[in-house]
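Participant: The structure's right below; bear with me while I get my questions together.
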Amino acid sequence: MPVGTVGTVKAMSPRELEDIHAQIILGNTYHLYLRPGLEVIAEAGGLHNFINWQHPILTDSGGFQVMSLSGLRKIIKDGVRFQSHIDGSYHMFTPEKVIEHQNIIGADIIMSFDECPPYPATREYIERSLRLTLDWARRGKDTHKNTEKQALFGIVQGGVFLDLRENSAIQLMEMDFPGYSIGGLAVGEPKEDMIKTTAFLNTILPKNKPRYMMGVGTPVDILTHIGNGVDMFDCVMPTRNARKGSIFTRNGKMIIKSARYKSDFRPIDPECTCYTCRNFSRAYIRHLIHMNEILGMRLTTIHSLHFYLELVGMARQAILEDRYEQFANHLIPILDCIVDENKIRIE
RNA sequence: GGUGGGGUUCCCGAGUGGUCAAAGGGAACAGACUGUAAAUCUGUCGGCGGACGCCUUCGGAGGUUCAAAUCCUCCCCCCACCA
């Protein structure tokens, strides 16, 4: 799922998203609440209409902002009081209000309010945080009435402590959500911990409901966790990194702003079918990024998102053909490095 | 022709006897980025060597001094105003 925090996948028009076959995009409750404000979105008839995206949308609850804006908020039992990073005004987010907000926004899949705890954190901290998040999940579920049109997911927390993860998952499953998110990962913990966690949850979470790993990840992460039964991902990396001249390809990461592409007139990936690769050279894209030109960001974003969506499409096909492990094992070492064609040539 | 002001490391620009390989900015180069306070941030940026250091550099050539980007002499070049 491409990330479109404030109601736009940065640098992309809805038509460009359709061109690369994006099926669903993300929005963020906290950011949309602050700007443009829920009144505007309500007046527009919901987020789909407001941004003219008639395909599915998933909204995050603001739980991630509990971590990313940790200097500007206070957690209490009832919820989180944020101080706006825009104008300093105070805003109380409770699990009930967060559901009401998301009812107004109207996303197809919505999230319980949670605390995304930082890493490292003590077991005591994670336990306390988890109790709160579970309480909030229950309160959110009780509040949510529009269940026919909006699927509310519960969010599994528990840090890197597997027993706490288990505890979290089981209690959420008792509440019977239509899907389960895995939160609080890729926040700085070792990769092995992340992998152990999804591998473990793979044995617990129901197989007939979607599992969404929040905020992950690199192409390698995605393939790894698909292998552990995860169905859905979102991540800012393909978009954010693309804008800064670092893109993902089937041959690994390519830092297109690098001097080595100054006079390289090949496409980013000669085999790629995206608009960018069919029409523009590495040298030109590098130039655009260096010039800080809008088109540069658009073209790199198109490519990286196209690649991500193609990658998960291939993963889906490999699963259907019962050859996923082979597929992933072949691809992961390639995707895990920086493209260096000169080096390959020497070898 | 006259008067005044200047020439500093890729560029702009500070520095007016030692603590200067020389502030600051830009460019350039190398990276980081994982439910987006991100068109952001970090590092490098004369050469050689782990560090301590050594060598080359502040328009050019001389000179003064223990010590010069900084002071003196001559020369070259630029800018402004006047004629």
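Participant: Among the residues of the stretch A:188-197, are any surrounded by 23 or more Cβ atoms within 10 Å (Cβ to Cβ) and β-branched (Val, Ile, Thr)?
Facilitator: For the stretch A:188-197, residues surrounded by 23 or more Cβ atoms within 10 Å (Cβ to Cβ) and β-branched (Val, Ile, Thr): present.
Participant: Taking the stretch A:69-84, which residues are of a type outside the set (A, V, I, L, M) and touching a residue at least 40 places away in the same chain (Cβ under 8 Å)?
Facilitator: A:Ser70, A:Lys77, A:Gly79, A:Phe82, A:Ser84
Participant: Here are some conditions: (1) under 22 Å from A:Met12 (Cα atoms); (2) crowded, with 17+ Cβ neighbours inside 10 Å. A:Asp264 meets all but one. Which one does it not meet?
Facilitator: Single failed check for A:Asp264: (1).
Participant: Scan the stretch A:205-241 for residues that are in contact with a Phe, Trp or Tyr (Cβ under 6 Å, 6 or more places away or on another chain), more than 22 Å from A:Met173 (Cβ to Cβ) and either away from RNA strand B (no atom under 12 Å from the Cβ) or open to solvent by 30 Å² or more (accessible area, probe 1.4 Å) (or both) and report the count.
Facilitator: Total meeting the criteria: 0.
Participant: Being part of a loop (DSSP other than H, G, I, E, B) and among the aliphatic types (A, V, I, L, M): is that true of A:Val230 here?
Facilitator: Considered against the rule, which asks whether it is part of a loop (DSSP other than H, G, I, E, B) and among the aliphatic types (A, V, I, L, M), A:Val230 comes out as yes.
Participant: Filter the stretch A:184-203 down to the residues that are assigned to a loop (DSSP other than H, G, I, E, B) and touching an Asp or Glu at 6+ places or on another chain (Cβ under 9 Å) and list them by number.
Facilitator: Result: A:Gly184, A:Leu185, A:Ala186.
Participant: Report, by residue number, each residue of the stretch A:248-268 that is within 9 Å of RNA strand B (Cβ to nearest atom) and not in a helix (DSSP H, G or I).
Facilitator: A:Lys253, A:Ile255, A:Lys257, A:Ser258, A:Lys262
Participant: Another question about this same structure. Out of the residues in the stretch A:275-295 that are touching a Pro at 6+ places or on another chain (Cβ under 9 Å) and in a loop (DSSP other than H, G, I, E, B), which is most open to solvent (accessible area, probe 1.4 Å)?
Facilitator: The extreme case among them is A:Phe280.
Participant: Pairs, please: C-beta under 8 Å, at least 6 apart or cross-chain, first residue free of Cβ contacts under 8 Å to residues at least 40 places away in the same chain and in the stretch A:214-233, second open to solvent by less than 20 Å² (accessible area, probe 1.4 Å) and among the polar types (S, T, N, Q)?
Facilitator: A:His225/A:Thr198; A:Asn228/A:Thr198; A:Gly229/A:Thr198
Participant: Follow-up question, since we're still on this one. Keeping to the stretch A:32-55, report how many residues are more than 14 Å from RNA strand B (Cβ to nearest atom), open to solvent by less than 60 Å² (accessible area, probe 1.4 Å) and in contact with a His (Cβ under 9 Å, 6 or more places away or on another chain).
Facilitator: The qualifying residues number 2.
Participant: Just to be sure I understand, how many residues within the stretch A:90-118 are more than 16 Å from A:Lys145 (Cβ to Cβ), open to solvent by 10 Å² or more (accessible area, probe 1.4 Å), over 18 Å from the mean Cα position of the chain (by Cα) and of a type outside the set (A, V, I, L, M)?
Facilitator: Looking only at that region, the number is 3.
The values are calculated or read from the model by the stated rules, or taken from the named source; none is laboratory data. Quick caveat, the model's predicted, so the values are computed rather than measured. Quick reminder, even Gly has a Cβ in these numbers, built from the backbone with ideal geometry, and neighbours come from all protein chains shown. Accessible surface is based on the protein model in full, side chains and every heavy atom, while ligands, DNA and RNA are left aside. Shrake-Rupley method; radii C 1.70, N 1.55, O 1.52, S 1.80 Å.
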